[in-house]
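Colleague: Have a look at the structure that comes next, please.
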Amino acid sequence: MSGLLERTPRTVGIVGSAGAYGRWLSRFFQQHMQLQVIGHDPADPDSHTPEQLLAQADVLVFSAPIRHTPALIAEYVWQSAGREQDRLWLDVTSVKEAPVQAMLASQAEVVGLHPMTAPPKAPTLKGRVMVVCEARLQHWQPWVDTLCTALQAECVRATPQHHDQMMALVQAMVHATHLAQAGVLRQYQPQLGALAAMMPYRSASFELDTAIISRILSLNPAIYEDIQFGNPYVAPMLERLVGQLQALQALQAQVGQGDDRARGEFREQLLLANRSAFGEQALADGNYTFERVGYLLADLTERNALSVHLPEDRPGSLRELLNVFEQHLISLASIHSSRTPGGEVHFRIGFVAGSDAAAITRAAADVDASGIGRVLG
């Protein structure tokens with residue numbers, strides 16, 4: 001294997017090929033990097049054996065549940081017995097210290113990857129962050145750079161330790177606080193109704209929070225369990241988070257007191273102290289992000305709109321679609337693209353207030369009849 005095509009792989013092996021990320025990675029390597037992909041997964045009796053992966057794969061990717069990954073890697077290190085020299089081993093788990101340390105017991109070059117998203121409906125990670133932990137990398141560096149470019153992610157380099165410390169905040173803290181909110185909403189259901197009954201009263205903040213709650217509760221519970229239990233830096237973070245209960249208890253007392261003194265204490269303890277700690281620029285950037293998301297949510301809930309699927313992904317197809325509305329003298333207020341669970345790209349087109357409903361109906365019929373797009377709903 002030494003000197004194989006200047007460390008350019010022909011075959012990628014995926015350990016955990018039947019999982020959600022394993023399936024996504026298989027499509028990505030085949031379709032975007034034109035590589036042969038083989039995989040092993042206990043859930044797929046027709047998959048390759050671990051021995052076949054070790055014998056054939058130039059790049060080996062571990063895409064298994066977090067809690068099992070270090071021991072699984074150790075098994076591959078033992079079975080490979082040095083054959084992995086000159087090859088590249090990667091993992092894509094949400095915790096990095098233990099998996100990377102396990103891979104370093106091999107003789108392969110080692111990189112830990114963490115895409116900061118569940119497997120997307122899109123074919124790449126465009127618009128998403130991916131943390132890259134280059135633990136032992138030399139001859140495979142150019143190809144790893146090529147991989148990051150092909151994934152189209154915003155790549156952030158970090159050590160495994162720094163990654164795990166950050167994930168205790170970025171993932172575990174966010175999940176824990178939103179699950180606590182979910183518990184409060186559940187307690188209020190007998191009095192105020194289910195979430196659907198609350199949404200007509202939503203603010204942008206409430207809509208964002210409940211969207212995150214829904215996301216957490218919709219996906220694989222084992223992933224969220226491992227993020228809490230598999231990262232050694234989560235327990236100290238939770239200790240600090242629970243410590244903030246004192247601040248909430250103080251707020252409870254201040255609200256009960258209700259006078260100007262209590263209001264002043266609230267401003268000083270919870271608002272001004274945190275505002276000073278975050279800094280003006282970070283707050284300005286975050287506030288601007290919130291405003292943009294708020295406008296996006298408003299556009300997406302606008303009822304005076306059409307959703308259209310463009311079957312042909314080619315230059316000029318969107319221009320042809322928009323030309324139909326121009327011909328019918330219809331002014332657009334917004335246009336956004338999204339993907340369905342099946343991966344289809346849909347354009348949601350909003351119209352200015354007072355638009356001629358009959359003209360919109362005629363334009364929709366023209367879109368369908370011309371074959372430019374398919375109007376949905």
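Colleague: Treating the stretch 96-178 as a set of equal point scatterers at the Cα positions, no solvent, please give the Debye-formula log₁₀ I(q)/I(0) at q = 0.15, 0.20 Å⁻¹.
Modeller: Per q value, in the given order, log10 I(q)/I(0) is -0.60, -0.99.
Colleague: Between Gly127, Gly243, Gly316, which gets the highest mean-square fluctuation from a Gaussian network model of the chain, Cα cutoff 10 Å?
Modeller: Gly316
Colleague: Please compute the Kirkwood hydrodynamic radius of the stretch 223-377 from all pairs of different C-alpha atoms, in Å with one decimal. Intermediate values should be presented prior to the final figure.
Modeller: Values: mean 1/r = 0.0486 Å⁻¹.
20.6 Å is the Kirkwood radius here.
Colleague: With Cβ to Cβ distances under 14 Å as the rule, what net charge do the other residues near Arg267 carry (K, R +1; D, E -1)?
Modeller: Values: positive: Arg261, Arg263, Arg275; negative: Asp259, Asp260, Glu265, Glu268.
For residues surrounding Arg267, the net value is -1.
Colleague: Separation between the Glu344 and Thr361 pseudo-spin-labels, each 7 Å from Cα along Cα→Cβ, expressed in nm?
Modeller: Calculated label separation equals 2.3 nm.
Colleague: Counting only C-alpha contacts under 8 Å and six or more residues apart, can you give the relative contact order of the chain as a whole percent?
Modeller: Numbers: 502 pairs, mean separation 39.2, N = 377.
Computed over the chain, the figure is 10 percent.
Colleague: Still on this structure, I have one more. Connecting C-alpha atoms closer than 10 Å in a GNM of the chain, tell me which of Thr149, Thr210, Thr289 has the biggest fluctuation.
Modeller: Thr289
Colleague: Can you pull the three principal axis extents for the Cα set of the stretch 17-108, in Å, largest first?
Modeller: Taking max minus min along each principal axis of the Cα atoms, the stretch 17-108 gives 31, 26, 26 Å.
Colleague: Using only the alpha carbons of the stretch 306-377, determine the length spanned along each of the three principal axes and report them from longest to shortest in whole angstroms.
Modeller: 33, 22, 21
Colleague: So which trypsin sites (Lys or Arg not before Pro) in the stretch 51-130 are both in a DSSP loop and have at most 13 other Cβ atoms within 10 Å of their Cβ?
Modeller: Working: sites: Arg67, Arg83, Arg87, Lys96, Lys121, Lys126, Arg128; in loops: Arg83, Arg87, Lys96, Lys121, Lys126, Arg128.
Sparse-neighbourhood loop trypsin sites (Lys or Arg not before Pro): Lys126.
Colleague: Here's something else I'd like to know. Answer rounded, prolate or oblate for the stretch 56-152, using the Cα gyration tensor with square roots of eigenvalues a ≥ b ≥ c: rounded when a/c is under 1.5, else prolate when a/b is larger than b/c, else oblate. Could you put the intermediate results ahead of the total?
Modeller: Numbers: a/c = 2.05, a/b = 1.39, b/c = 1.48.
It comes out oblate by the Cα gyration axes.
Colleague: Tell me, what does the Kirkwood hydrodynamic radius of the stretch 272-340 come to in angstroms if you use every pair of distinct C-alpha atoms? Don't jump to the answer; show the numbers that get you there.
Modeller: Values: mean 1/r = 0.0646 Å⁻¹.
Evaluated over the stretch 272-340, this radius sits at 15.5 Å.
Colleague: Which one of Leu195, Leu113, Leu208 has the biggest mean-square fluctuation once the chain is modelled by GNM with Cα springs under 10 Å?
Modeller: The residue that fluctuates most here is Leu195.
Colleague: When the C-alpha atoms of the chain are aligned to their principal axes, what extent does each axis show, in angstrom, from largest down?
Modeller: The Cα atoms of the chain stretch 68, 66, 41 Å along their principal axes.
Colleague: Moving on to the next point. With N set to the number of residues, divide the alpha-carbon radius of gyration of the stretch 101-238 by 2.2 N^0.38 Å and report two decimals.
Modeller: Against the empirical 2.2 N^0.38 Å value, I get 1.31 for the stretch 101-238.
Colleague: Could you tell me the calculated FRET efficiency between Thr8 and Ser218, based on Cβ-Cβ distance and R0 = 51 angstrom, to the nearest 0.05? Each step should come with its number before you reach the end.
Modeller: Values: r = 39 Å, r/R0 = 0.76.
So, using R0 = 51 Å, E works out to roughly 0.85.
Colleague: Work out the length of the dipole vector of the stretch 293-377 about its Cα centre, built from +1 on the beta-carbon of each Lys and Arg and -1 on the beta-carbon of each Asp and Glu, and round it to the nearest 20 debye. Working shown, then result.
Modeller: Working: 7 positive and 10 negative charges, 26 e Å.
With Lys and Arg at +1 and Asp and Glu at -1, about 120 debye.
Colleague: Looking at the chain, what % of its DSSP beta bridges pair antiparallel, to the nearest 5? Write out the running numbers ahead of the final one.
Modeller: Values: 21 of 42 bridges.
Of the beta bridges lying entirely in the chain, close to 50 percent run antiparallel.
Colleague: Here is a follow-up. With a 1.4 Å probe and all protein chains in place, put Glu280, Glu291 in order of accessible area, largest first. List each step's numbers first, then the result.
Modeller: Numbers: Glu280 170, Glu291 85 Å².
Result, largest first: Glu280, Glu291.
Colleague: Based on alpha-carbon centroids, what's the gap between the stretch 52-75 and the stretch 98-141 in Å, whole number please?
Modeller: Going from one Cα centre to the other spans 13 Å.
Colleague: Which of rounded, prolate or oblate describes the stretch 184-272 when judged by the alpha-carbon gyration tensor and an a/c cut-off of 1.5?
Modeller: The shape class here is oblate.
Colleague: Please find the FRET efficiency linking Glu302 to Lys126, where r is the Cβ-Cβ separation and R0 is fixed at 25 Å, and quote it to the nearest 0.05. Walk me through the intermediate numbers first.
Modeller: Numbers: r = 25 Å, r/R0 = 1.02.
So, using R0 = 25 Å, E works out to roughly 0.50.
Colleague: What is the sum of charges around Cys148, taking Lys and Arg as +1, Asp and Glu as -1, for the other residues whose C-beta is under 11 Å from the C-beta of Cys148?
Modeller: Values: positive: Arg157; negative: Glu134, Asp145, Glu154.
Within the 11 Å Cβ shell, the charges total -2.
Colleague: Bins of 5 Å, beginning at zero and ending with the bin holding the largest distance: percent of Cα pairs per bin for the stretch 62-113, please.
Modeller: Final binned percentages: 5, 26, 36, 23, 10, 1.
The values are calculated or read from the model by the stated rules, or taken from the named source; none is laboratory data. These figures come from a predicted structure and were not determined experimentally. Note that each Cβ is placed from the backbone with ideal geometry, even for glycine, and that neighbours are counted across all protein chains shown. Heads up: the accessible areas ignore ligands, DNA and RNA and are worked out on the full protein's heavy atoms, side chains in. Shrake-Rupley method; radii C 1.70, N 1.55, O 1.52, S 1.80 Å.
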